[in-house]
Every structure is written in C-alpha cells, then in structure tokens.
Amino acid sequence: MDYSPIALLYQLQYENYADDLEFYTRLAQDYGGPVLELGAGTGRVARALARLGLEVWALEPAEEMRKLGARHTRDLKVKWLPGDMRRLELGRQFPLIIAPFNALMHLYTLEEQDQALQGIAAHLEKGGRFAFDLYNPAHIGPAGVLQHEGSYGPTQVFLYQEHHPIAQALLTHYLVDTTSPKGHLRRQHHTLTQRYYTRYELERWLRAFAFGYRLYGGFHKEPLLAESPVFVVEAWRS
Ligand SMILES: C[S@@+](CC[C@H](N)C(=O)[O-])C[C@H]1O[C@@H](n2cnc3c(N)ncnc32)[C@H](O)[C@@H]1O
C-alpha cells in the first residue's frame, strides 16, 4: 500500500518509538554495514544505525516517506532508494538486512512473500543476518471499537480496526481531525491494510527458503509466549 498520504501522520505517531532501536543497532554493530533496510519509512531506524557511522541503504517505495526520511538523515550516510522489496535487484549483497516495525505485513499474498524472501536470500551475505519484527496476532483488539490514539498539537487521531481472520488481514482506519487557527475542523480518513503472520506460517516460510532462524517474543530476546507483543526474528542462510 502507498504510505505517501499518511507520511506526516506516521511521523507524528512514531518518530519517538524506540523499543526496537537497541535490538537493531546491536545487530548493526555485530554484523557491520552497509545495512539494507526494507520499508525504511521516515528513517527512524536508518538514522539510529547511521549515527553509529554505518552506511545504510534505505529502500522505501512511498515518495513522501522518503522525502521525510531524507530530511531526517541529511548529514548521515543513508542512501534512499525508491524500490519494492518484492523485486529486489540491488546488485550487491549485505551483511545485515532488516525489516523493522511490521514492514513485512505489507506482503499480502503467498506469492509476494515468496518473491520478497527469495530476493532477501539472494542479497544476504553468507554468515550475515536478516532481522525483522512483526505484530503478534494474539493481540488483535476488538474490531470496530473507536479509540482515541493520541493528541499531536492541533491534531487528534482516532482509530478503529477491522479484522478479517480468513484473509489474515487487519485494517486500521484512522480519523485525523485537525483544528485550524480559525477553529475550523478538518477530518481526514486513512486506511492502513496489513496482513499478519501466524507463528508456524512464519517458520515454514523461512524454512522453505533454507533460512536458519531464532524466534523471540521481544526485543530483549525474551522467549515467545502467547502474551508476547511481537515476533522478533533473526535469520541466516543455512
Ligand atoms: C510500518 S512502516 C515501518 C517504517 C520503518 N521501518 C520504521 O521502523 O519506522 C512500513 C513501511 O514499509 C513500506 N512498504 C510497504 N510496502 C512495501 C514494499 N512492497 N517494499 C518495501 N517497502 C514497503 C511502507 O511504505 C512503510 O514505509
């Protein structure tokens, strides 16, 4: 899906999200650069890695996300690439490939998932790591319940979700209300579509492309439990 229409909203919501940064920066210190980030968004993680002095190749299809990302990483060694993880052709391999914060939830079909993992396998150096995190679907909340997500200056964000279990699809509807200095209220409606993974589906997928892996339930490598908020994966070509 195209993140351009929600680029500013995304930045407002997540620019301070940092739960995953230590996990990805440690990996980058261990495996070195250049690091390839798939779905690099507005540069939240790329910036943290580049501040370690590493080069980052930030693949991001949405133009507005790339523009914000380029601004956030202006003086750093971050190469922004318009591209799609379903069709990776970067002409080199990387010691570390990452897909932080649910980026792989934008692979909607088995074919798209397989195209992406095939490309990732081809772009990963032997002995290198592919690391990513995904939402644990055990935590999908009640559908249709309108929640106040946050206040960002003159902007209030509300959301509600739709869950389609047979398609493993989660639709998040954002209602973004902005009050102008004259008191006029403008409402925008955006929908984020994500396809979630079940635990063993994820393991089968990795095995199908001959990846070895460790699966954790948190960014401090906690064991995976039903209540774990995320699936955190470190994978390598076996
Ligand atoms: C939830 S954001 C994560 C952004 C960033 N990795 C972070 O941690 O803040 C998911 C990103 O994946 C990108 N994306 C969606 N489909 C993609 C695709 N087919 N290939 C590469 N990136 C994609 C979106 O444009 C969006 O920026």
**OP:** Mind listing just one residue for me: the one in the stretch 126-142 that is out of contact with any helix residue (DSSP H, G or I) (no Cβ under 8 Å at 6 or more places or on another chain) and small (Gly, Ala, Ser) and, of those, nearest to Leu202 (Cα to Cα)?
**Re:** Ala138
**OP:** Taking Leu107 as meeting all but one of (1) in contact (Cβ under 8 Å) with a residue 40 or more places away in the chain; (2) surrounded by fewer than 20 Cβ atoms within 10 Å (Cβ to Cβ); (3) not β-branched (Val, Ile, Thr), write down the number of the exception.
**Re:** (2)
Original post:
In the stretch 86-102, which residue that is open to solvent by 10 Å² or more (accessible area, probe 1.4 Å) and within 7 Å of the ligand (Cβ to nearest atom) is nearest to Gly119 (Cα to Cα)?
Top reply: Arg86
Original post:
Give me the pairs: first residue in the stretch 69-98 and charged (D, E, K, R), second residue crowded, with 16+ Cβ neighbours inside 10 Å and part of a helix (DSSP H, G or I), beta-carbon distance under 6 Å, and six or more apart or on different chains, which are they?
Top reply: Lys77/Ala50; Arg86/Glu112; Arg86/Gln115; Arg86/Ala116
**OP:** Residues that are away from the ligand (no atom under 11 Å from the Cβ) and not basic (Lys, Arg): find the helices (runs of 4 or more DSSP H) completely inside the stretch 1-84 holding 3 or more of those.
**Re:** 7-14, 21-31
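The values are calculated or read from the model by the stated rules, or taken from the named source; none is laboratory data. Quantities reported herein were computed from a predicted structural model and do not represent experimental measurements. With ideal geometry, Cβ positions are generated from the backbone for all residues, glycine too; neighbour counts draw on all protein chains shown. Only protein heavy atoms, including side chains, enter the accessible area calculation; ligands, DNA and RNA are left aside. Shrake-Rupley method; radii C 1.70, N 1.55, O 1.52, S 1.80 Å.
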